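Reading through the structure tokens given below for one structure.
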Amino acid sequence: MTLAAVAASAPASAGEGVFGWISGDWYLTLGATGMVAPSFEGSKKYMLSAVPIISLGKAGNDTRFSSRNDNISLALIDDGEVRAGVAGKILFGRDAEDELDGLHDVRWGGEVGAFFEFYPTDWMRARVEVRQGIRAHSGVVGDVAVDAFYDVTPEVRISGGPRVSFATEDYFDTYYGVNAQEAIDSGLNAYNPGGGFKSAGVGGAVTWKATDNITASLFGEYSRLMGPAADSSIVRERGSRDQLTIGVSTSYRFDWSM
């Protein structure tokens, strides 16, 4: 399954008004990512997928660091040291097939919420996202990531750091729960999860700014499922707690003024 990531990042100034805010410098980034990742969260089987990159935003203060883990975001506060605003994520459905045969399908949907990020040093960024599920699930999901970054040359940057995720009971019930009927149909043990930590891990990337408009990167992410996710019969009996993603991406940025 592929995932389309659409991101917008633009600081809004009080009293500007809608049309005043629209005018100014904008950018559109288009590209693609190829990666090898688990076929679904918790799976022990891997698949190769291609993911489009679509990023639209209004140019404001220069963003010192961004990560492929950052979800859709619109900065309402941006002073260069602290950024905060609204955030969202697109969720695609999960079909009940292969090792999930007998379970319910998960509908497509999304998550909306807020993000907050700051720079404790000139070479480190911390970011927190908290999002409420819509349609796909009705739970709350949170992600915390800390990344250190270093420019090896003006064109090449290396970065990486720890990641932690948590979620409420409704999220885990959608993706990791197995009710009595599903247990009969799938052969898995019934499982009724609570809320708690979802995973902990580490990620890193090497990013190459080939030109002012072209960027390419090589990245890797490892996470270890925890708590209700790790205890699920889906993971214990047919999946794996260890989740690894590796991939490459390239993108081109278009700039214009309105």
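The values are calculated or read from the model by the stated rules, or taken from the named source; none is laboratory data. Here the structure is a predicted model, which is why all the values come from computation and not from measurement. Remember, those area values only see protein heavy atoms, side chains included, never the ligands or the DNA or RNA. Shrake-Rupley method; radii C 1.70, N 1.55, O 1.52, S 1.80 Å.
Counting each DSSP H run of 4 or more residues in the chain as -39500 (n - 2.57), what helix-only mean residue ellipticity at 222 nm follows after dividing by all residues, to the nearest 500 deg cm²/dmol?
Computed ellipticity for the chain at 222 nm equals -3000 deg cm²/dmol.
Taking the solvent-accessible surface of protein heavy atoms with a 1.4 Å probe, what is the per residue accessible area of the chain in Å²?
51 Å²
In 10 Å bins starting at 0, how do the alpha-carbon pair distances of the chain split up by percent?
Here the calculated profile for the chain is 7, 27, 36, 20, 9, 2.
List nothing, just return the count: lysine pairs in the chain, 8 or more apart or interchain, with Cα separation under 25 Å.
Taking the Cα cut-off of 25 Å, the pair count is 7.
Using the 2.2 N^0.38 Å rule of thumb for compact globular proteins, work out how region 154-251 stacks up: its C-alpha Rg over that value, please.
Dividing the Cα Rg of region 154-251 by 2.2 N^0.38 Å gives 1.45.
What share of the DSSP beta bridges in the chain is antiparallel, in percent to the nearest 5?
The answer is about 95 percent antiparallel.
Of the accessible area of the chain, with the probe set at 1.4 angstrom, what percent is carbon plus sulfur?
Of all accessible area on the chain, carbon and sulfur atoms account for 62 percent.
Heavy atoms of the protein only, probe of 1.4 Å, neighbouring chains included. What is the accessible area of Arg83 in Å², nearest 10?
20 Å²
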